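Below is one structure, written out as structure tokens; comments come after it.
The values are calculated or read from the model by the stated rules, or taken from the named source; none is laboratory data. From a predicted model like this one, the values you see are computed outputs, not experimental measurements. Positions of Cβ are generated from backbone atoms using ideal geometry, with glycine treated the same way; all protein chains shown enter the neighbour counts.
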């Protein structure tokens, strides 16, 4: 019988979704034992480290949450089978990257880990379970999971729910505490409704019930993809306008403010920048494009793909502007990157604009020096090396870039622990992440220690333009003529 009262939860996947989400559930539901499992021993060791500053995921407030619940009713382990066997409800929060080979390469979600996860659950489970899709998945993935369970369950009954996350990295803990909505999709039959209500009861410990929405499975799965696609569309739209602003002398922030005061439009996600990144936006849009092609909707696919094309264009445009302003070459020139994470208050670098801007400058053999308060040198090098191995032709440029060898990257890219040494004797500074600390630096000191003319390319529009220009910087901001 499908359990109606949950006392034991397992979550497979201890990454950016599974770790914070389960930590908050454990904190808010001390009567429920929550076990987060992952095959990555290094990651689990970091979650269990007594030093809470060494957690593998950086999120403001996460250390306090983990510190309160860990060892009480929150546990991190590599014993996946035991966690599956003990749990009544299992969350699947495994990685679903975009495929880099085969059918759907560059667009479709790679569901290899989801399938392996489902097969392991089916093999280990000896009693009825509720299985919750927490990873971002293509619509009707639950159907595939159900097929695996029906084929390999040995009489055990499973009910599959879709419970997509709507977290913004950097504010994930606040988002979990005060969610705009919690979406739960499931089957219409009695067992399906029992499963839905069991998950509703968990969230209702701290989320008002009117914010907990229940739908059909397919509606829930598609809602996550379309929500991210609509948000990314707004960013690409304002970034497209930023290019026009630079040519006409308009100010993109003034344009965005005027538009945002229209109640039909609103002000959110109208901040122009060097481009969006992160694990969701591009992946989800490309997934949506692939689905549209699969269901023979080419015009719809083309519409959504343009959002990604514009995002690629914005990153390329930023890199090209640096090269153009530095007298059409950056070869042998020191370019200081402030920020590598895709946004502030996170150490996540997936699809960060910094990676692609750096790659384009490295094609001209620029010497790039990087400072980010939360991203390790190991991660920066891994990001650049991964791009070389899985390079795809950029939408804005039909010409394939050259792949650099690992030793070439190590020679050209230097990682710093101090921002001032990063910028010392630099030809130019590029702001790639909107970390608050960048605003409070001693910019007069930085100017004094740079080569002249001293260029600053503000890819996040966070610096005081009048102040930097008065100091003497050649300042170039996004969307400002």
Checklist entry - Given the structure, is residue 325 surrounded by fewer than 19 Cβ atoms within 10 Å (Cβ to Cβ), in contact (Cβ under 8 Å) with a residue 24 or more places away in the chain, under 20 Å from residue 457 (Cα atoms) and touching a strand residue (DSSP E or B) at 6+ places or on another chain (Cβ under 7 Å)? => result yes
Next on the checklist: Step by step: first the residues of the range 265-281, then only those that are within 17 Å of residue 164 (Cβ to Cβ) and out of contact with any helix residue (DSSP H, G or I) (no Cβ under 6 Å at 6 or more places or on another chain), then the one that is modelled with the lowest pLDDT. Which residue is that?
Outcome noted: 279
Checklist entry - Checking residue 113 against (1) farther than 26 Å from residue 309 by Cβ; (2) buried (at least 18 other Cβ atoms within 10 Å of the Cβ); (3) within 22 Å of the chain's Cα centre (by Cα), which single condition isn't satisfied? => result (2)
Item to check | Considering residues of the range 238-258 that are within 28 Å of residue 286 (Cα to Cα) and without any contact (Cβ under 8 Å) to a residue 24 or more places away in the chain only, the residue nearest to the chain's Cα centre (by Cα) | outcome: 256
Checklist entry - Can you spot a residue in the range 125-132 that is modelled with pLDDT of 95 or more, buried (at least 17 other Cβ atoms within 10 Å of the Cβ), under 23 Å from the mean Cα position of the chain (by Cα) and on the phi < 0 side of the Ramachandran plot? => result yes
Checklist entry - Can you name the helices (runs of 4 or more DSSP H) wholly within the range 1-89 that have at least 3 residues being more than 22 Å from residue 127 (Cα to Cα) and in contact with a strand residue (DSSP E or B) (Cβ under 6 Å, 6 or more places away or on another chain)? => result 18-28
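It is to be established whether one or more residues within the range 48-57 are in contact (Cβ under 8 Å) with a residue 60 or more places away in the chain and in contact with a helix residue (DSSP H, G or I) (Cβ under 7 Å, 6 or more places away or on another chain). Break it down stepwise before answering.
Narrowing the range 48-57 to residues in contact (Cβ under 8 Å) with a residue 60 or more places away in the chain: 57.
Applying the additional criterion that residues be in contact with a helix residue (DSSP H, G or I) (Cβ under 7 Å, 6 or more places away or on another chain) yields 57.
Checked the range 48-57: at least one residue is in contact (Cβ under 8 Å) with a residue 60 or more places away in the chain and in contact with a helix residue (DSSP H, G or I) (Cβ under 7 Å, 6 or more places away or on another chain).
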Next on the checklist: Quick check on the range 410-417. Is at least one of its residues buried (at least 18 other Cβ atoms within 10 Å of the Cβ), at pLDDT 95 or above, under 28 Å from residue 455 (Cβ atoms) and under 24 Å from the mean Cα position of the chain (by Cα)?
Outcome noted: yes
